[in-house]
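Student: One structure follows; several queries about it will come next.
The values are calculated or read from the model by the stated rules, or taken from the named source; none is laboratory data. Because the structure is a prediction, the values reported are computed rather than measured. Cβ atoms come from the backbone with ideal geometry, glycine included; neighbour counts cover every protein chain shown. Protein only, heavy atoms only, side chains kept; ligands, DNA and RNA dropped before computing areas. Shrake-Rupley method; radii C 1.70, N 1.55, O 1.52, S 1.80 Å.
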There are 2 protein chains.
Amino acid sequence: MTVLSPVSPLEDIIAIVGVGLIGGSLAAALKQRKQVRAVIGVGRNRQRLEATKEAGLIDEIEVDVSVAAKRANVVVVCTPVDRIVADVRAAASSMQPGALITDAGSTKGVICGELADLATGPVTFVGAHPLAGSEKQGFESASATLFEGRVCVLTPLPQTPVNQVERTRRLWQAVGMQTCQLSPEEHDAALAYTSHLPHAVAAALAAALPEEYRRLTSTGFRHTTRVAAGDPELWTAIFRQNSQSVLAALDALTHRLGLIRAAIIAGDEPSLKKLLQQAKTDRMALDASPASSAD
Amino acid sequence: MTVLSPVSPLEDIIAIVGVGLIGGSLAAALKQRKQVRAVIGVGRNRQRLEATKEAGLIDEIEVDVSVAAKRANVVVVCTPVDRIVADVRAAASSMQPGALITDAGSTKGVICGELADLATGPVTFVGAHPLAGSEKQGFESASATLFEGRVCVLTPLPQTPVNQVERTRRLWQAVGMQTCQLSPEEHDAALAYTSHLPHAVAAALAAALPEEYRRLTSTGFRHTTRVAAGDPELWTAIFRQNSQSVLAALDALTHRLGLIRAAIIAGDEPSLKKLLQQAKTDRMALDASPASSAD
């Protein structure tokens, strides 16, 4: 890992709201790379926060978002998608003019839409989605290297000041990420395919397996269904916020499954082989794209 | 890894037909654990066989199955499922009475049905399926530890002599596997869910992804689709040989996906959350079952 040479930190005080896997990893990465003078961890459970501080991930703890935000230059909201808007509002209410709020939510359309007024306010919100994580939860699974080599999608609105977009970009780059920029709607259409659809498919597959066959699973089944172990509450909120794009992606998958099914029923081996060859080619193309380095 | 103490080897000469990922790993494991005096590698491509011998995986090479089988006490056929019957026949034609043939095919109904006469012949065939492997191919990916802690399904017929079943069991146990016994039909019904369905789903998902979204995939998408990189020819043959069970499993998956889809359309969050919770519980139960130790 490259630790930057001792220059002045990127930001003075960063408050991270929701110090679980993502928030905890961000705190750890910022501290390890000396990109911040202090990290305030914000959460609802004081005991969990104390443990997070014990573990060395954060410097200070706070249960009230607006109290922490008042002292922070930047607030990063890492709570579940259905709590992000409220947490951003609470932070914005107390921050100094010029301050920045960003998030790590898996959906962007609803969140950035509801917070559109903060694109141009004295306090700016810039949506972000670091494409990193796992089915695990809690700061115990946090890692300072979680973001390295991964892609972070920034979703500013057309009216968002470019200096705050750049500041957000530098923040995520400072923990090792490559960044790209999409509209919130483009983000949601893409993530429906790359993340939300795989979750639905993995969940269906995991639940379809008759219990008596569990002992006959191998790594193939386990890898294909890994993400199904993710938090149901969190994923229910993601599916709700991105329902239209998820339904479109589900239809595309169902169509593809239907082609495979029809070829099997017809005993049409050339077609079946062609479908599987296309899938193999498509899958192998992923290993050539950026995020694979951290895969 | 536990290397057994220097006792006499389990078998004198074993011929392995098809020295790719599975055959190569079996050869490596048998030799490393000193369970055989010599391994003859059998294949159609002499140059590849020479390279396999160079790599130290096999002791001798042979392009003619029956020539190799004539000298072997045991033949293990590790070729694609649509070539196993012919390779077993070629081996059986030249082996001594009392000799054993087993295989590593991913389907068992068609193979064991067509070879039923060899359940009671002077040379015995006992079907087997070691639940280990990956989407990779070729002896270059072989590993002496591939089978450790994994399950091998044995599929003898009712009339198969028990001593030959036990001999087959000892062979696969000797490379670190746990064994269980099912009828060929039970095996195919189970593997349709645990292995063949995940492949169909991963292939559909990989092919459904629009190319422009590739850079926005993370480990979730990559894990869920990993097996789609498997050999299309091999998988076409598997789907053909197990078409009825695969179609039944596809229907079960489609039903589950339909439940998730309906809950999203209806905005029925309690139902959606319940479906995802069930999937999470089912997925996590896998980590408690035997094969997980090697996962």
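Student: If I go through the range B:134-172 residue by residue, how many of them are away from chain A (no Cβ under 14 Å) and under 22 Å from B:Ala229 (Cα atoms)?
Tutor: 4
Student: Okay, moving on. Could you check the range B:216-273 and list, in sequence order, the residues that are open to solvent by 30 Å² or more (accessible area, probe 1.4 Å), at the interface with chain A (Cβ under 8 Å from one of its Cβ atoms), under 21 Å from the mean Cα position of the chain (by Cα) and hydrophobic (A, V, I, L, M, F, W, C)?
Tutor: Of everything in the range B:216-273, just one residue is open to solvent by 30 Å² or more (accessible area, probe 1.4 Å), at the interface with chain A (Cβ under 8 Å from one of its Cβ atoms), under 21 Å from the mean Cα position of the chain (by Cα) and hydrophobic (A, V, I, L, M, F, W, C), namely B:Trp235.
Student: Looking at the range A:182-193, which of its residues are without any contact (Cβ under 8 Å) to a residue 60 or more places away in the chain and assigned to a helix (DSSP H, G or I)?
Tutor: A:Glu186, A:Ala189, A:Ala190, A:Ala192, A:Tyr193
Student: If you don't mind, another one. Condition (residue is among the acidic types (Asp, Glu), touching a helix residue (DSSP H, G or I) at 6+ places or on another chain (Cβ under 6 Å) and more than 18 Å from A:Trp172 (Cα to Cα)) applied to the range A:55-75: is it met by at least one residue? It would help to see each step written out before you state the result.
Tutor: Of all residues in the range A:55-75, those among the acidic types (Asp, Glu) come to A:59-60, A:62, A:64.
When the remaining residues are screened for being touching a helix residue (DSSP H, G or I) at 6+ places or on another chain (Cβ under 6 Å), the result is A:62.
Now restrict to residues that are more than 18 Å from A:Trp172 (Cα to Cα): A:62.
Looking through the range A:55-75, at least one residue is among the acidic types (Asp, Glu), touching a helix residue (DSSP H, G or I) at 6+ places or on another chain (Cβ under 6 Å) and more than 18 Å from A:Trp172 (Cα to Cα).
Student: Let me ask another. Out of A:Ala68, A:Ala91, I need the residue that is more than 16 Å from the chain's Cα centre (by Cα), on the phi < 0 side of the Ramachandran plot, touching a residue at least 60 places away in the same chain (Cβ under 8 Å) and in a helix (DSSP H, G or I). Which one? Before you say what the answer is, go through the steps one by one.
Tutor: Working: A:Ala68 fails: touching a residue at least 60 places away in the same chain (Cβ under 8 Å).
Of A:Ala68, A:Ala91, the one residue that is more than 16 Å from the chain's Cα centre (by Cα), on the phi < 0 side of the Ramachandran plot, touching a residue at least 60 places away in the same chain (Cβ under 8 Å) and in a helix (DSSP H, G or I) is A:Ala91.
Student: Specify which of the listed residues (B:Ile13, B:Ile22) is modelled with pLDDT of 95 or more and part of a strand (DSSP E or B). Please lay out each step first, then the result.
Tutor: Details: B:Ile22 fails: part of a strand (DSSP E or B).
The unique qualifying residue is B:Ile13.
Student: Follow-up question, since we're still on this one. Among the residues of the range A:153-164, which ones are open to solvent by 10 Å² or more (accessible area, probe 1.4 Å) and under 14 Å from A:Ala128 (Cβ atoms)? Give the steps one after another, and end with the answer.
Tutor: Within the range A:153-164, the subset open to solvent by 10 Å² or more (accessible area, probe 1.4 Å) is A:156-164.
Of everything in the range A:153-164, those that are open to solvent by 10 Å² or more (accessible area, probe 1.4 Å) and under 14 Å from A:Ala128 (Cβ atoms) turn out to be A:Pro156, A:Leu157, A:Thr160, A:Gln164.
Student: Taking the residues in the range A:179-215 that are closer than 24 Å to B:Ala203 by Cα, among the hydroxyl-bearing types (Ser, Thr, Tyr) and more than 14 Å from the chain's Cα centre (by Cα) as candidates, determine which candidate is surrounded by the most Cβ atoms within 10 Å (Cβ to Cβ).
Tutor: A:Tyr193
Student: Can I ask one more? Can you tell me which residues in the range B:143-159 are within 20 Å of B:Ala28 (Cα to Cα) and out of contact with any strand residue (DSSP E or B) (no Cβ under 8 Å at 6 or more places or on another chain)?
Tutor: Our first condition is that a residue be within 20 Å of B:Ala28 (Cα to Cα); within the range B:143-159, this holds for B:143-152.
Across the range B:143-159, the qualifying residues are B:Ser143, B:Ala144, B:Thr145, B:Leu146, B:Glu148.
Student: Of everything in the range A:29-65 that's of a type in the set (Gly, Ala, Ser) and free of Cβ contacts under 8 Å to residues at least 60 places away in the same chain, which residue is nearest to A:Asp87 (Cα to Cα)?
Tutor: Filtering the range A:29-65 down to residues of a type in the set (Gly, Ala, Ser) leaves A:29, A:38, A:41, A:43, A:51, A:55-56.
Those left that are additionally free of Cβ contacts under 8 Å to residues at least 60 places away in the same chain: A:38, A:41, A:43, A:56.
Values: A:Ala38: 20, A:Gly41: 13, A:Gly43: 11, A:Gly56: 24 Å.
Of everything passing the filter in the range A:29-65, A:Gly43 is nearest to A:Asp87 (Cα to Cα).
Student: Assess whether A:Val123 counts as being of a type in the set (A, V, I, L, M), closer than 21 Å to A:Val88 by Cα and open to solvent by 30 Å² or more (accessible area, probe 1.4 Å). Explain how you work it out, then say what you get.
Tutor: Numbers: of a type in the set (A, V, I, L, M): yes; closer than 21 Å to A:Val88 by Cα: yes; open to solvent by 30 Å² or more (accessible area, probe 1.4 Å): no.
No, not satisfied.
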